[in-house]
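Have a look at the structure below before the remarks.
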Amino acid sequence: MFSLYHDRPFNIRYAVQQHSGRYTPELLRAHRTARASYLYINRQYGVDLVGPTPDWSIRDDLVASGRCAPARANHPALDGIGLWDQADAHAAVIRPDEPVCAHAVGSLPIGESVAGWRNMIEGFCEDHLVAQGMVTDWAIHQREADGERLEVLPHCHLLITMRAFDAARPDLGRVRQNWLRSEKARKALAEKWWAYSGIAPRSYTLAA
């Protein structure tokens with residue numbers, strides 16, 4: 001039986017405002033805007049450019065959340081959901097059929113502490129995402145089985161900027177052409193995550 005946790009322990013999809021089939025062809029509600037993705041991973045309810053989102057606040061599997069970002073992203077206008085609202089606003093007028101943000105999901109080691117998961121996520125983000133000048137908001141979802149409620153195996157969501165966010169740059173709001181836009185780039189980032197987490201697809205052997 002296929003298992004997202006074991007067989008696809010790291011995968012990337014995209015929030016795209018105008019679906020052309022090149023990116024995230026399925027109309028997933030969490031991927032329709034960057035704001036919707038932010039609300040989803042943080043288990044919140046709200047309204048985006050499309051309208052009201054599902055009420056993700058009824059889910060009780062949010063364990064921890066945070067942000068990893070370059071120093072230049074430390075601006076009040078970019079706090080919290082403000083960054084993703086800015087990304088949506090730019091995408092609405094600058095190539096709306098291109099990704100607003102990347103939404104990655106990574107499996108986390110079972111039995112690790114929340115502090116351990118957080119250290120793993122932040123180390124990965126600092127080494128491979130912030131080092132590229134990108135902002136990443138992350139959230140950990142996990143829940144033990146309880147009565148009729150099913151277990152949620154530990155995993156993290158990473159919202160990664162795909163467009164320039166720095167107002168000081170002339171390319172503000174534009175897609176970074178060589179950033180996470182190819183199968184090769186996605187696989188390379190996945191392999192880095194597998195090495196960090198120690199969880200790889202059954203068909204893949206981690207380097208010693």
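So here's what we get for this one:
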item	result
Candidates ARG202, ARG186, ARG181 - the one that is at pLDDT 90 or above and charged (D, E, K, R)	ARG186
Condition check for ALA207: of a type in the set (A, V, I, L, M, F, W, C) and at pLDDT 95 or above	no
Every pair of residues 6+ apart whose Cβ atoms lie under 9 Å, when the first sits in the range 34-51 and is farther than 23 Å from GLN142 by Cβ while the second is β-branched (Val, Ile, Thr) and outside any loop (DSSP other than H, G, I, E, B)	ALA34/THR161; ARG35/VAL47
Residues located in the range 36-56, provided they are loosely packed, with under 15 Cβ neighbours inside 10 Å and over 13 Å from ILE81 (Cα atoms)	VAL50, GLY51, PRO52, PRO54, ASP55
Set ALA139, ALA92, ALA115, ALA104: member being in contact with a helix residue (DSSP H, G or I) (Cβ under 8 Å, 6 or more places away or on another chain) and either closer than 20 Å to ARG181 by Cβ or free of Cβ contacts under 8 Å to residues at least 24 places away in the same chain (or both)	ALA104
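The values are calculated or read from the model by the stated rules, or taken from the named source; none is laboratory data. Only a predicted model underlies this, so the values are computations on that prediction, with no experimental measurement involved. Using ideal geometry, Cβ is built from the backbone for each residue, glycine included, and neighbour counts are taken over all protein chains shown.
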